[in-house]
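Nothing in this text is a laboratory measurement; each read-out follows from the coordinates by a stated rule. Computed from a prediction, not measured in an experiment: that's the story for all the values here. Cβ atoms come from the backbone with ideal geometry, glycine included; neighbour counts cover every protein chain shown.
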Amino acid sequence: MKKLGFGCMRLPADGSGRINMEVLNRMVDTFMAKGFTYFDTSYVYHNGNSEKVLKEALVKRYPRDSFTITTKSPVFMIQSQQQFFDIFQEQLDRLGTDHVDYYWLHAVNRHEYATVQKYDLVGALQKLKAEGKTRHIGMSYHDSPELLDQILTEHPELEFVQLQLNYFDWDSPFVASRENYEVCRRHGKPVIVMEPLKGGNLSALPADLTAKMKAVDPDLSVSSWGIRFAASLDNTYMVLSGMSDEAQMNDNLSYMENFEPLNAQEHAVIAEVQKAIRATMPYQPEDFRKAEEVCPKKIGIRRIVQMLNERKAVVNDGKVVNTPVYYDIFLDGYGKAADCDHCGRCAGLVKGTDVPDLLAEADQTLKNWH
Ligand code: SF4
């Protein structure tokens, strides 16, 4: 199977959110004509419309065995196992099919994992699989490598893991693309990559970084580097691209139709780009260690500073990065920025920075960052 999946979370739509079926039909036709077959949707994409329009554009127009569909259970809404099954049936109805090929628990993290355990949702997935209503089971995941290792140890029945993975987040302490990828590999679980372009932020880079890429091959787009970085990993099963128009699709198909993994020279360019992006981050988290140690509110100052770093890193042609950061999860067990009561104990401990002021900025910037 070709390694590019059609992510159906940012479909072509007008300002009011209405999906343009004419364009979508053409995109599905182009995708299928080039030999791509993997479609990824969920219960919540486009406020529930993604599954419905996939029925019109794909399921009604192509033989069921010519494509595969992944959809996801909204674990964050589940309050009983029966509700899980009811929603699954609703999804089949929306899609107009009697089975899906892949069914994931959507956006599992430490909070949702409690729900998974409480209602035995892995057992419920296995039941659907045994009944032939899904061919494969897995989860999409956003949390630490430690928790991922725990979940895959406790539930080896899960066959696939969908991860946020891109060259920006590769060594991020919160997204932890690399470490999570390695946990999956250790457990023998193929990875489906989401956000290979970090929500479009890696589709345009500052001019000097773009020039480095164009020097290797002027015909390859900046986006191609992110998609190919993810697809070049040997344990990557599929790379999802949320294609919103025909131009994006045509670009993606141009290098994924006959996919070539990154070569050594191209890997070196990616490493240079990663380093250059890191150099635009304004803070050194370790400069804040002493402030954190004296803070009576146990505020996770270094973690907050690192999150601000990622928010302020210069990518996307100089615009700010704007994809979800899992603020509450990464500060689990620590005080939040808003807990600062200006007690003054950290005064003077960070040269050139007023910590309470920075925390006030972080509170505004990060808590609504999604
Ligand atoms: S001023 Fe705020 S950040 Fe500094 S020690 Fe006091 S509570 Fe902690």
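Annotations for the structure displayed:
- J(HN,Hα) series, the range 164-181, from Karplus relation 6.51 cos²θ - 1.76 cosθ + 1.60, nearest Hz, glycine and proline x: 6, 9, 7, 6, 6, 7, 3, 10, 5, x, 9, 6, 6, 3, 5, 5, 5, 4
- Relative contact order, percent, the chain [alpha-carbon distance under 8 Å, six or more residues apart]: 14 percent
- Seen from every direction in turn and averaged, the convex hull around the alpha carbons of the range 34-82 projects onto 4.4 nm².
- Euclidean distance of C-alpha centroids, the range 119-190 and the range 259-290, integer Å: 26 Å
- In the chain, the DSSP beta bridges split such that about 5 percent are antiparallel, to the nearest 5.
- Burial ranking of peptide ranges 230-237, 34-41, 135-142, 87-94 (average Cβ count within 10 Å, highest at the top): 135-142, 34-41, 230-237, 87-94
- Once the Cα gyration tensor of the chain is diagonalised, semi-axes √(5λ) in Å: 36, 27, 18
- With a simple spin-label model that places each label point 7 Å from the Cα along the Cα-to-Cβ direction, the separation between residue 278 and residue 62 comes to 4.0 nm.
- Length-normalised contact order for the range 285-366 - Cα pairs under 8 Å, 6+ apart - percent: 38 percent
- Once the Cβ-Cβ distance of residue 186 and residue 258 is raised to the sixth power relative to R0 = 51 Å, the FRET efficiency obtained is 0.95.
- Peptides 153-159, 163-169 ranked from most to least packed, by the mean per-residue count of other Cβ atoms within 10 Å: 163-169, 153-159.
- Gained length - residue 1 relative to residue 55, 0.36 nm times residue gap less alpha-carbon distance: 17.3 nm
- Computed from the Cβ-Cβ distance with R0 of 22 Å, the FRET efficiency linking residue 86 to residue 47 stands at 0.75.
- Charge dipole (the range 285-366, unit charges on Cβ, about Cα centre) - positive-most of 294, 340, 314: 294
- Label-to-label distance, nm, for residues given as residue 18 and residue 127 (7 Å Cα→Cβ offset): 4.1 nm
- A Cβ-based charge dipole, computed about the Cα centre of the range 238-358 with Lys and Arg at +1 and Asp and Glu at -1, lands at about 840 debye.
- Charged side chains reduced to their Cβ positions (Lys and Arg at +1, Asp and Glu at -1) give the range 4-271 a dipole of some 400 debye around its Cα centre.
- Label point distance in nm, residue 360-residue 34, each placed 7 Å from Cα along Cα→Cβ: 5.1 nm
- When each of 3/212; 60/198; 52/129 is checked by Cα-Cα distance, pairs over 24 Å: 3/212; 60/198
- Charged-residue dipole, Cβ positions (Lys, Arg, Asp, Glu), the range 94-164 about Cα centre, Debye nearest 20: 280 debye
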